[in-house]
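The values are calculated or read from the model by the stated rules, or taken from the named source; none is laboratory data. Note that the structure is predicted; figures quoted are calculated from it, not measured. Cβ: placed from backbone, ideal geometry, glycine included. Neighbour counts: every protein chain shown. Just the protein is used for accessible areas: all its heavy atoms, side chains included, with ligands, DNA and RNA removed. Shrake-Rupley method; radii C 1.70, N 1.55, O 1.52, S 1.80 Å.
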Amino acid sequence: MTSTTYSNRILPTVSSFAKEHYLYVQEIGTLKSLIPHTSRRENLNSLLFFIVLEGEGSITCEGSIYPLHTGDCVWLDCSRPYSHESSAELSWSLMWVHFWGKEASALYENYMNRGNPFLFRPGNSYPFTNTLTLLYREQSRRDSLSELVSHNYLTDIITSIYLENDKNNLIPLHAPEKFLKIREYLDQHYAEKLELETLAGNFFISKFHLAREFKRIFGTTIGEYILKQRISQAKSLLRFSDLSIDEIAARCGFADGGYFIKVFKKEEKITPAKYRKLWQAS
């Protein structure tokens with residue numbers, strides 16, 4: 001059978017410890033298309049990241065076809081049907097990694113829920129190509145620490161994907177001034193009873209627009225943001241004051257001490273009293 005591609009790839013056998021605790025490589029390599037070819041997959045417990053080093057092609061997923069060019073990056077959940085095809089006119093070279101881990105699916109879902117794209121063109125492709133190169137070398141070496149080091153490189157790739165696309169989707173530093181002012185208002189008034197409709201009216205926008213854009217820009221809902229502020233302040237008071245649990249609850253915007261204990265334990269997996277005992281300076 002005539003080969004349609006020239007590739008270098010590594011398919012490591014992963015330890016049970018790595019499968020339990022790390023992100024781990026399932027397959028990594030480079031590919032040069034010799035003639036046009038199509039690769040189709042689905043129902044894989046795998047995430048695929050690849051970058052087009054040169055040439056052109058396309059990817060099909062969710063019923064749509066997207067053209068790919070040199071420098072484009074793709075991050076896919078391979079449990080869903082997809083295919084990619086090299087161009088007949090300008091065959092491509094790819095650099096890729098398939099990887100998985102217990103938290104891999106949640107990381108991808110969180111990324112997509114933030115409104116980020118699976119296909120993007122980074123301003124600088126070096127962080128991606130360099131990390132993939134280092135990851136490939138690590139998989140070639142395979143010593144006692146390779147799985148841990150590889151986990152770190154995979155985390156670096158995911159972090160670079162997030163940072164690249166948060167930049168394109170208005171990370172807080174570049175958020176509209178109005179939303180920065182809204183966040184500042186929440187930082188100052190988190191202990192008060194805050195209604196979404198009233199908050200939206202104060203800033204002359206609709207509550208639907210406020211809720212949607214706040215989550216898109218800051219990666220959390222307004223309610224979650226307020227709760228985090230209240231819990232953070234409560235932890236500070238537990239550590240650095242002698243206020244009672246009820247007094248701390250009141251200062252941080254909780255209805256009563258019982259509700260505060262319930263919410264604190266849900267968020268921190270420990271009661272306020274236990275937290276104080278463990279963390280309060282002697």
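Beta carbons within 10 angstrom, averaged per residue: use that to sort the peptides 251-261, 87-97, highest first. Don't jump to the answer; show the numbers that get you there.
Numbers: 251-261: 16.4, 87-97: 17.9.
The most tightly packed comes first, giving 87-97, 251-261.
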Between the alpha carbon centres of the stretch 87-102 and the stretch 170-243 the gap in Å comes to 41
If I take R0 = 30 Å and measure r between the Cβ atoms of K181 and N110 in this structure, what FRET efficiency does the formula 1/(1 + (r/R0)^6) give, to the nearest 0.05? 0.65
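Given R₀ = 30 Å, FRET efficiency for D143-N43 by Cβ-Cβ distance, to 0.05?
0.35
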Of F17, F120, F99, the most mobile residue in a GNM of the chain (C-alpha springs, cutoff 10 Å) is F17
In nm, give the distance between the simple-model label positions of T60 and E192, each being 7 Å from the Cα along the Cα-to-Cβ direction. 5.7
Carbon-plus-sulfur fraction of the accessible area of the stretch 155-282, 1.4 Å probe, in percent? 54
Flagged as over-length at 21 Å C-alpha distance, from K181/K235; K228/K269; K102/K265; K235/K265; K193/K228; K235/K269, the pairs are K181/K235; K102/K265
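Rolling a 1.4 angstrom probe over the protein heavy atoms, how many square angstrom per residue are accessible across the stretch 139-282?
60
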Chain lengthening between T70 and K266 when straightened (0.36 nm per residue, less Cα-Cα): 65.9 nm
Using amide H atoms built 1.01 Å from N in the peptide plane, name the residues 5+ places from W92, or on other chains, whose amide H lies under 5 Å from its own. S33, E56, S87
From the list [x] 20.7, 65; [y] 17.1, 50; [z] 24.0, 78, can you say which value of Rg and Dmax of the Cα atoms in Å was derived from the structure given? [z]
In sequence order, calculated HN-Hα J values of the stretch 262-279 (Karplus, 6.51, -1.76, 1.60; Hz; x Gly/Pro): 4, 5, 4, 5, 5, 7, 9, 6, 7, 6, x, 5, 5, 4, 4, 4, 6, 10
Which ³J(HN,Hα) values, rounded to whole Hz and listed in residue order, are derived for the stretch 63-74 from phi using the Karplus coefficients 6.51, -1.76 and 1.60 in 6.51 cos²θ - 1.76 cosθ + 1.60 with θ = phi - 60°, glycine and proline given as x? x, 10, 10, 10, x, 10, 10, 3, x, 6, 10, 10
Distance in nm between T133 and F120 label points, each 7 Å along Cα→Cβ, equals 2.2
How large is the accessible surface per residue of the stretch 1-136, computed with a 1.4 Å probe and reported in Å² as a whole number? 50
Simple spin-label estimate for S232/L34, 7 Å along Cα→Cβ, in nm, reads 5.7
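Rank by packing, highest mean first: peptides 102-110, 229-237, with packing defined as the count of other Cβ atoms within 10 Å averaged across residues. List each step's numbers first, then the result.
On the way: 102-110: 14.0, 229-237: 17.9.
Packing proxy ranking, top to bottom: 229-237, 102-110.
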